């Protein structure tokens, strides 16, 4: 009996040692980030000769989360070893430390506790194996929708503007941005630094051009005996796409509609009917009449009526994705069946530039989206715009594809009202389908009371000819751009919300400049809250901060 009890106890001990880490049960939900409250050695230690360092946390840590969140400069060729004792983590170096060398160990913000709470900011431990420790500091901030956890790569280079192969050369030093996008690294030697920010998806300390977003520096930075700290190193992340779009499929919908699906969004402004050629097996060409896009990544082609029960070829060329990459010439086949178009034309959506049926008074625009091709002449005959007196109101028409119409009303003022009337009995599609109904929509303009304004002064404005000011909403993609003329500026008609203000020089084409530098820019130090009917004043910039 005792023998069986001992065996059972032995098995329990084995399996409990292999159990997964689980958060403690009961009590309030833990939302506090973990904190490193002790290190060994202390940061700044000289003549360090151990083969390990230690970090002690205030709570238990998810051990898996540290695997890709420890960054050591200079690099070790072999992998480090990690051992745990409760809340204390020991990092064992794979090789002997170099003499008279400063080492920097950084814990990134992807480290989490057992509840998934991340470190609020990176933690850095620096020490030296000699009598002197490098004490250079570079700090800055990432501006992006998700600025935390971005890797910052520091390359020691021999001369200013030296070319660095980010895709094959690993950096000499690394750190990671905190939750608010800020970053700071200490223990840097004197020298010239090229710095980039990378959303390192592969965790390989390289920039993979079609995988990672990148933030480029405005210049190279120099640390010296007389300049030990550099601040305000700013980055904005961009995605550089060099991969050509692909045609996924061609689908026969009916005898007047063929759908072409791509593997990514395409630039509708790059598309014309010349990009598509439809022929039958006898090389007879069929005319295309229009195109439109309703489904994601899909272009619907509208053609003259095809012959049923035949094989067709479609050749696609010249279509570009949103980054400007052009699809390779592609030829696919499809088979036509005896399927006629039986769907009538209807209004799919109405979208004005302030809200569903409300236009901005200073730029009154509404867009109508139909479910199929609508000829321009048919739309003009079937639609009318009436003012409050019942008189016809003139408007301008443009379109981006064959199913939408962009209506502009340059003569409207604040709080004006209009009535849109569409007689669908006059809108016949290519198959002859129509519906005898009249649809009306009320349209109106808003007023200046819906907006606020921002104004200020650009100090030392005469030092740079061309300057741009961008006002970006923190929570939405709405932004306002102005080209600054004089020293004073005012931006009117800004929707209520919280905004970041960015002052910049004209943009540099990152493709032409081989991914070396971005245009100089600075952000206003505070987030600006705009209220309707309230002017926000004294939002001032100094050009000297832009060119330093």
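The values are calculated or read from the model by the stated rules, or taken from the named source; none is laboratory data. Every value quoted in this text rests on a predicted model; they were computed, and no experiment measured them. Glycine also receives a Cβ, built like all others from the backbone with ideal geometry; neighbour counts cover every protein chain displayed.
Some points to look at:
- Looking only at residues of the range 310-324 that are modelled with pLDDT of 95 or more and part of a loop (DSSP other than H, G, I, E, B), we find that the one that is farthest from the chain's Cα centre (by Cα) is 317.
- Filter result for residue 192 (assigned by TED's automatic domain parsing to the domain that holds residue 161, over 30 Å from residue 403 (Cβ atoms) and touching a strand residue (DSSP E or B) at 6+ places or on another chain (Cβ under 8 Å)): yes
- Any strands (runs of 3 or more DSSP E) falling wholly within the range 205-293 and containing at least 3 residues that are within 20 Å of residue 325 (Cα to Cα): 247-254, 257-262
- Scanning the range 434-446 for residues that are surrounded by 13 or more Cβ atoms within 10 Å (Cβ to Cβ) and modelled with pLDDT of 95 or more returns 439, 441, 443, 444, 445, 446.
- Filtered by the rule that a residue be in a strand (DSSP E or B) and closer than 24 Å to residue 107 by Cα, the range 152-181 gives 152, 153, 154, 155, 156, 173, 174, 175, 176.
- The one condition in (1) modelled with pLDDT under 95; (2) closer than 20 Å to residue 445 by Cβ that residue 359 fails to fulfil: (1)
- Residue that is nearest to residue 338 (Cα to Cα), among those in the range 262-276 that are touching a strand residue (DSSP E or B) at 6+ places or on another chain (Cβ under 6 Å) and surrounded by fewer than 16 Cβ atoms within 10 Å (Cβ to Cβ): 273
- Every residue from the range 49-89 that is assigned to a strand (DSSP E or B), touching a residue at least 24 places away in the same chain (Cβ under 8 Å) and over 15 Å from residue 204 (Cα atoms): 52, 53, 54, 55, 56, 57, 61, 88, 89
Yes/no per residue for (1) surrounded by 18 or more Cβ atoms within 10 Å (Cβ to Cβ); (2) at pLDDT 85 or above; (3) outside the structural domain of residue 164 (by TED's automatic domain parsing):
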{"site": "475", "(1), (2), (3)": "no, no, yes"}
{"site": "484", "(1), (2), (3)": "no, yes, yes"}
{"site": "509", "(1), (2), (3)": "no, no, yes"}
{"site": "514", "(1), (2), (3)": "no, no, yes"}
{"site": "521", "(1), (2), (3)": "yes, yes, yes"}
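Here's the yes/no breakdown for (1) closer than 30 Å to residue 368 by Cα; (2) in contact with a strand residue (DSSP E or B) (Cβ under 8 Å, 6 or more places away or on another chain):
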| residue | (1), (2) |
| --- | --- |
| 432 | yes, no |
| 443 | yes, yes |
| 448 | yes, yes |
| 457 | no, yes |
| 480 | yes, yes |
| 483 | no, yes |
| 489 | no, yes |
| 498 | no, yes |
| 501 | no, yes |
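- Of all residues in the range 345-378, those being crowded, with 18+ Cβ neighbours inside 10 Å and in contact with a helix residue (DSSP H, G or I) (Cβ under 8 Å, 6 or more places away or on another chain) number 3.
- Residues in the range 182-237 that are over 20 Å from residue 104 (Cβ atoms), in contact (Cβ under 8 Å) with a residue 60 or more places away in the chain and surrounded by fewer than 15 Cβ atoms within 10 Å (Cβ to Cβ): 1 in all.
- Test: residue in the range 457-465 that is in a strand (DSSP E or B), surrounded by fewer than 16 Cβ atoms within 10 Å (Cβ to Cβ) and either outside the structural domain of residue 365 (by TED's automatic domain parsing) or out of contact with any helix residue (DSSP H, G or I) (no Cβ under 6 Å at 6 or more places or on another chain) (or both): yes
- Candidates 350, 332, filtered to the one that is outside any loop (DSSP other than H, G, I, E, B), more than 30 Å from residue 384 (Cα to Cα), touching a residue at least 60 places away in the same chain (Cβ under 8 Å) and in contact with a strand residue (DSSP E or B) (Cβ under 9 Å, 6 or more places away or on another chain): 332
- Meets criteria (modelled with pLDDT of 90 or more, closer than 22 Å to residue 518 by Cβ, part of a loop (DSSP other than H, G, I, E, B) and in contact with a strand residue (DSSP E or B) (Cβ under 9 Å, 6 or more places away or on another chain)) for residue 94: no
- Summed over the range 127-151, the residues that are over 28 Å from the mean Cα position of the chain (by Cα) and part of a loop (DSSP other than H, G, I, E, B) give a count of 7.
- Considering residues of the range 284-301 that are surrounded by fewer than 16 Cβ atoms within 10 Å (Cβ to Cβ) and within 18 Å of residue 317 (Cα to Cα) only, the residue farthest from the chain's Cα centre (by Cα): 285
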